[in-house]
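One structure is given here, and the rest of the page talks about it.
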């Protein structure tokens, strides 16, 4: 209990600092008009004064300028929602676990929405290209980490470690490729891997939730869990994940060969 109190005290201090600096932070990231910018300065001497429509300036700022940041906000929200989902889902109370499942589904929906807004309004950015896959990975990792709490025998930690290592390794390759100006080749099999991971997570998490609910549905879910089918599905997901990792490494081997030649 002591470490929890210390954690929340530290969290409160950080939030307080952010609120104290919110004015400067909003201005730095472009969420608040800068009074020193050209559109917010006085007219030059000798020129006729033009009446400013401050209300119109703020309306245009919040409506049009904020739309550009919607995809990044949605991506960042997944990073925040991932630990919240994990905390709720691993609770023994069915209501809290169901709420955690709802958070997971909502966070997954934001993955579609940020891509839609980015394409619809043509507001893709370098930050968005970094945040989107990072948020996806964090949410997926949170889902996988919940599995041993359902059945540690069928969902061992070593399989989760392999999946997480593969995704971190590929993400590191992407970051390094962007840093060196290399365009990393993508794979259709990677999309299949992502789809397989998400479908499996939905099924496994739902089964775990229904087992907690009890009753007839809970008994049927318990039977499915004890049948071992989900364990074999988990192993298949790991195999597909590892295969796509090696495939990524092979088709982008020129990235490492080029760097070795430079050395």
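The values are calculated or read from the model by the stated rules, or taken from the named source; none is laboratory data. Just so it is clear, the structure is predicted and the values come from calculations on it, not from any experiment. Counting neighbours? That spans all protein chains shown, and the Cβs are built from the backbone with ideal geometry, glycine included.
Residue 167 meets all of the listed conditions (1) touching a helix residue (DSSP H, G or I) at 6+ places or on another chain (Cβ under 7 Å); (2) surrounded by 13 or more Cβ atoms within 10 Å (Cβ to Cβ); (3) farther than 19 Å from residue 131 by Cα but one, namely (3). If we scan segment 107-130, do we find a residue that is within 21 Å of residue 208 (Cβ to Cβ), surrounded by 16 or more Cβ atoms within 10 Å (Cβ to Cβ) and touching a helix residue (DSSP H, G or I) at 6+ places or on another chain (Cβ under 9 Å)? The answer is yes; a qualifying residue exists. If the condition is being under 13 Å from residue 170 (Cα atoms) and in contact with a helix residue (DSSP H, G or I) (Cβ under 7 Å, 6 or more places away or on another chain), then segment 233-256 contributes 241, 242, 244, 245, 247, 248, 252, 255.
More than 21 Å from the chain's Cα centre (by Cα), assigned by TED's automatic domain parsing to the domain that holds residue 254 and within 23 Å of residue 252 (Cβ to Cβ): is that true of residue 182 in this structure?
Criteria met by residue 182.
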